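Working notes for the structure below.
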Amino acid sequence: MTKGKTETQKYEVIYTRKNFEIRFYPEAILATVEMNGSYDNSRNSGFKVLAGYIFGGNEENTQIAMTSPVRMSGNEKLNTMSFVLPSEMEFDKLPVPKNKNVKLHKSKPMYTASVRFGGYASEADISKHREKLSEILKELNIQHTNQFEYLGYNPPFQPVNRRNEMQVELVGFKQGMLP
């Protein structure tokens, strides 16, 4: 990784059509926090808690590099936000969070479908692109979990060329299933 460049979570693109992709994600290590309230009301509080952990708010006072994307999922009442930890980190050697609301865990390897969009994401944007993703998957006759996740790739101070995605895990998907 080049100094100053943010590491992006690794995945393999299986299928692409315009702003739509099917991907395979290998296992990753995540730091996650749960927040009450809607996306718009909870994203700042979740970010502060997770940023505190990676910027030294852990038992070892260790700083951890920021990665992308920031992942959010949930509904109007409860949301989760996750940071993907750098790929060179080992789960059994992670710094212990001082804030007990930060949960460290591994994601499972999975196939996902995603749609990409730009700008600053609002709840309305997320809802619109979740619906768009659902329509594409219905058209392709691909089953999914219905647990959608918003992925944000850019720092808040970056006003242009922003990358956002809506993503959902696919059920029973195997390579070669697409036309």
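The values are calculated or read from the model by the stated rules, or taken from the named source; none is laboratory data. Every value quoted in this text rests on a predicted model; they were computed, and no experiment measured them. Glycine gets a Cβ as well: all are built from the backbone with ideal geometry, and neighbour counts include every protein chain shown. The protein model used for the area step is the full one, side chains on, heavy atoms only, and it has no ligands, DNA or RNA in it. Shrake-Rupley method; radii C 1.70, N 1.55, O 1.52, S 1.80 Å.
Laid out as a table, the results:
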read-out	value
Conditions (1) touching a residue at least 40 places away in the same chain (Cβ under 8 Å); (2) in a strand (DSSP E or B); (3) not aromatic (Phe, Trp, Tyr): number failed by Ala121	(2)
Exclusive hit being out of contact with any strand residue (DSSP E or B) (no Cβ under 6 Å at 6 or more places or on another chain), of a type in the set (Ser, Thr, Tyr) and on the phi < 0 side of the Ramachandran plot, set Thr62, Thr80	Thr62
Boolean, Ile22 is crowded, with 19+ Cβ neighbours inside 10 Å and at pLDDT 95 or above	yes
Restricting the stretch 164-179 to residues that are over 12 Å from the mean Cα position of the chain (by Cα) and open to solvent by 30 Å² or more (accessible area, probe 1.4 Å), the residue that is modelled with the lowest pLDDT	Pro179
Residue match in the stretch 144-152 (condition: β-branched (Val, Ile, Thr), over 14 Å from Phe20 (Cβ atoms) and either touching an Asp or Glu at 6+ places or on another chain (Cβ under 9 Å) or surrounded by fewer than 18 Cβ atoms within 10 Å (Cβ to Cβ) (or both))	yes
Those residues of the stretch 87-116 which are over 16 Å from the mean Cα position of the chain (by Cα) and of a type in the set (S, T, N, Q), in sequence order	Asn99, Asn101
Scan of the stretch 57-83 for residues that are without any contact (Cβ under 8 Å) to a residue 40 or more places away in the chain and more than 18 Å from Ala121 (Cα to Cα), ordered by number	Glu59, Glu60, Asn61, Thr62, Gln63, Ile64
Odd one out for Leu137 among (1) more than 23 Å from Lys48 (Cβ to Cβ); (2) touching a residue at least 60 places away in the same chain (Cβ under 8 Å); (3) buried (at least 16 other Cβ atoms within 10 Å of the Cβ)	(2)
Search result, residues across the stretch 115-126 that are open to solvent by 50 Å² or more (accessible area, probe 1.4 Å) and at pLDDT below 95	Tyr120, Glu123, Ala124
Some residue of the stretch 124-141 being touching a helix residue (DSSP H, G or I) at 6+ places or on another chain (Cβ under 6 Å) and not in a helix (DSSP H, G or I)	no
Sole exception among (1) on the phi < 0 side of the Ramachandran plot; (2) more than 15 Å from the chain's Cα centre (by Cα); (3) of a type outside the set (S, T, N, Q) for Gly119, by number	(1)
